[in-house]
Amino acid sequence: MINRMTEEKRKRNISEVNSLAYDDFIAIFGNVVEHCALCAAVVWGDRPFRNYGEMQSKFNEFIEQLPLSGKSGVLRLYPDLAGKLAQSNSLTSESTREHASAGLDKMTEEEREKMSKLNTKYREKFGFPFVICARENKKEAILFGLERRLNNSVEVEANTGTNEVKKICNLRLKDLVDEHSVAKL
């Protein structure tokens with residue numbers, strides 16, 4: 001079986017992706033949706049992919065077709081931004097890099113306290129953590145978005161959050177697969 005930690009950094013072409021055994025596919029793509037190897041397992045069954053875009057679409061379709069309870073469940077797999085897991089260095093390697101890209105690892109004590117209070121309020125209201133694509137935002141925009149999105153309904157927020165999950169997934173896939181490759185079918 002492939003060691004995910006050593007193999008995840010190497011980009012594969014789509015033909016290589018298509019030839020991966022189930023366990024290897026899960027080892028490499030099992031965290032493109034945070035802690036959701038089930039998503040990768042379902043997508044593996046859709047191979048072969050003609051190109052990167054088709055593979056990306058299959059991951060997005062899995063997320064999109066979930067009922068509200070499934071979307072909420074996927075959102076619950078994500079950590080609180082700048083929360084306890086981040087402070088104890090217990091995030092996945094992907095989340096660690098994403099948090100750092102947004103500057104969440106360099107927050108002031110005041111910003112950390114504000115984030116913690118907003119995260120708690122958000123989780124109490126919606127039943128899942130606030131999810132935003134950190135790689136597309138900075139800490140100031142994340143704090144603003146967290147405050148603003150507290151005004152949404154559960155349904156709107158579950159859909160907004162899963163749209164952010166798709167952005168995260170798409171960026172993680174681009175880290176792993178050559179998006180310009182085409183399969184030889």
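Could you check region 28-71 and list, in sequence order, the residues that are open to solvent by 20 Å² or more (accessible area, probe 1.4 Å), touching a residue at least 40 places away in the same chain (Cβ under 8 Å) and not in a helix (DSSP H, G or I)?
35, 48, 50, 51, 66 - these are the residues of region 28-71 that are open to solvent by 20 Å² or more (accessible area, probe 1.4 Å), touching a residue at least 40 places away in the same chain (Cβ under 8 Å) and not in a helix (DSSP H, G or I).
Looking at 37, 82, which one is aliphatic (A, V, I, L, M) and in contact with a His (Cβ under 9 Å, 6 or more places away or on another chain)?
Working: 37 fails: in contact with a His (Cβ under 9 Å, 6 or more places away or on another chain).
Going through 37, 82 in turn, the sole match is 82.
Residues of region 72-95 being farther than 17 Å from residue 164 by Cα, under 16 Å from the mean Cα position of the chain (by Cα) and part of a helix (DSSP H, G or I), which ones?
Those that are farther than 17 Å from residue 164 by Cα, under 16 Å from the mean Cα position of the chain (by Cα) and part of a helix (DSSP H, G or I): 85, 86, 93.
Check region 104-125 and report whether any residue there is within 26 Å of residue 176 (Cβ to Cβ), of a type in the set (S, T, N, Q) and loosely packed, with under 13 Cβ neighbours inside 10 Å.
no
The values are calculated or read from the model by the stated rules, or taken from the named source; none is laboratory data. Owing to the predicted nature of the structure, the values given are computational and were not obtained by experimental measurement. Ideal geometry is used to build each Cβ from the backbone, glycine not excepted, and the neighbour counts take in all protein chains shown. These accessible areas exclude ligands, DNA and RNA; they are computed on the full protein's heavy atoms, side chains included. Shrake-Rupley method; radii C 1.70, N 1.55, O 1.52, S 1.80 Å.
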